[in-house]
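Okay, so here's the structure we're looking at.
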Amino acid sequence: MKNFVRIFAATALVTASAFTAQAEEFRLGLITPPPHIWTKAAGAFGAELAEKSGGAHSVSVFPARQLGNEAEMLQQLQTGALDMAFMTVAEVSNRAPELGAFYAPYLAKDIAHAGRILRSDTAASLLEPLPGQVGVVGMGFGMAGLRQIVARGEVKAVGDLAGLKLRITPFTPILDFYNAVGAAPTPMPLPAVYDALANGQVDAIDMDAELIWVLKYYDHADTILQSDHMMFPMVGLVSAKVWAGLSDGDREMISELMAKHVDSTLDSYIAKEAGWLEQIAGTGKTYTKVDASFFGGAIEEWNATWSKKSTSLDALRAVAAETE
Ligand code: BEZ
């Protein structure tokens, strides 16, 4: 309930038009493919919203970048051309750098800990500025798994990553991390990743266990480093323009249901992460588990950079310590 109060307070920044027609068919975009946990959660959200609104509302889900990449979808949310999205916090952090604090290396000691951090009041408070800052209303956090490294060739020490073209999701905290590591971070959207690794356009990728396993990103690799170095949060968003035209009742129903379904992804990853990693380890590739010490001074360098870029880092570290 506390979160809803926050959301309502935050959206006071947005001027509501008393005569805006109430949307009945919402469009929700995401970049993940249909079988992905986020896409399934979006479908479940739409089904429950239709049921709870007695059929007044429906949600058409557009997966797999049908509406464009995340930067394009964020623009559409800002103009009201798109109603809703389940989006990587990575993309939103390009416009709201405070959110970069979630990517502090080893902020979470494991996937369940990441879930507890994302369910904290401190995490929820980071959504408050989004209506004014980005033109979207954040309903709550979900996530994908912790980040791992998949590489062609041998990687026995951090020095083996030096100069490697290493695919990253396009956002600054991860770029800073791999620059500190000494790799050559190569921003690349999800659909390009398999072929890029297969044809040698990149030497390595930064990825989560679900996609490494389900999309077979290990196929053209020799080494999997289970590094668990970062969490990868997702956020359920509604266009602030669309939100401004909704009745209080619709806002309450949408915020409750969207928060519930993005939150369900936390449970899915907590339950499934270990199984995917076990299956990846069984592929016959070199599988090595490493921890923070593997990355040498890179983590300290990242922390020094980001303590200046995000004032929320200390607060999230405090939550991490409390919830450990
Ligand atoms: C990625 O860019 O690696 C990614 C994006 C969305 C979901 C999972 C992973």
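The values are calculated or read from the model by the stated rules, or taken from the named source; none is laboratory data. Every value quoted in this text rests on a predicted model; they were computed, and no experiment measured them. Ideal geometry is used to build each Cβ from the backbone, glycine not excepted, and the neighbour counts take in all protein chains shown. SASA here: full protein model, heavy atoms, side chains in, ligands and nucleic acids out. Shrake-Rupley method; radii C 1.70, N 1.55, O 1.52, S 1.80 Å.
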Based on what the data block shows, is residue 225 closer than 25 Å to residue 118 by Cα, in contact (Cβ under 8 Å) with a residue 12 or more places away in the chain, away from the ligand (no atom under 13 Å from the Cβ) and not in a helix (DSSP H, G or I)? yes
Give 295, 232 a once-over and let me know the one that is crowded, with 18+ Cβ neighbours inside 10 Å and touching a Lys or Arg at 6+ places or on another chain (Cβ under 9 Å). 232
Might you check whether a residue that is more than 13 Å from the ligand (Cβ to nearest atom), in contact (Cβ under 8 Å) with a residue 60 or more places away in the chain, within 21 Å of residue 34 (Cα to Cα) and open to solvent by less than 30 Å² (accessible area, probe 1.4 Å) occurs anywhere in segment 247-257? yes
Selection from segment 58-79 of residues that are surrounded by 21 or more Cβ atoms within 10 Å (Cβ to Cβ) and part of a loop (DSSP other than H, G, I, E, B): 63
Report yes if residue 144 is crowded, with 18+ Cβ neighbours inside 10 Å and at pLDDT 95 or above, otherwise no. yes
Kindly list the number of the only condition in (1) closer than 19 Å to residue 267 by Cβ; (2) of a type in the set (Gly, Ala, Ser); (3) open to solvent by 20 Å² or more (accessible area, probe 1.4 Å); (4) touching a Leu at 6+ places or on another chain (Cβ under 6 Å) that fails for residue 132. (1)
Count of segment 148-179 residues which are acidic (Asp, Glu) and surrounded by fewer than 16 Cβ atoms within 10 Å (Cβ to Cβ): 1
For segment 83-100, state whether one or more residues are among the charged types (D, E, K, R), free of Cβ contacts under 8 Å to residues at least 60 places away in the same chain and not in a helix (DSSP H, G or I). yes
Sort out which residues of segment 272-321 are among the aromatic types (Phe, Trp, Tyr), within 13 Å of residue 225 (Cβ to Cβ) and under 23 Å from the mean Cα position of the chain (by Cα), and write them in order of number. 295
Filter segment 180-192 down to residues that are within 16 Å of the ligand (Cβ to nearest atom) and part of a loop (DSSP other than H, G, I, E, B) and give me whichever is most open to solvent (accessible area, probe 1.4 Å). 189
For segment 193-209, state whether one or more residues are aliphatic (A, V, I, L, M) and open to solvent by 20 Å² or more (accessible area, probe 1.4 Å). yes
Cβ pairs under 6 Å, 6+ apart, first in segment 137-149 and over 22 Å from residue 82 (Cβ atoms), second of a type in the set (Ser, Thr, Tyr) and away from the ligand (no atom under 14 Å from the Cβ): 148/227; 149/227
Would you please name the residue that is farthest from residue 140 (Cα to Cα), looking only at residues in segment 264-303 that are outside any helix (DSSP H, G or I) and among the β-branched types (Val, Ile, Thr)? 286
Pairs please, first residue from segment 153-166 and free of Cβ contacts under 8 Å to residues at least 60 places away in the same chain, second anywhere and surrounded by 12 or more Cβ atoms within 10 Å (Cβ to Cβ) and small (Gly, Ala, Ser), Cβ atoms under 6 Å, 6+ apart in sequence or on different chains. 161/183; 162/182; 163/184; 164/183; 164/204; 165/184; 166/183; 166/204
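May I ask you to say which residue of 99, 77, 82, 127 is within 16 Å of the ligand (Cβ to nearest atom) and closer than 22 Å to residue 29 by Cβ?
Exactly one residue qualifies, and that residue is 99.
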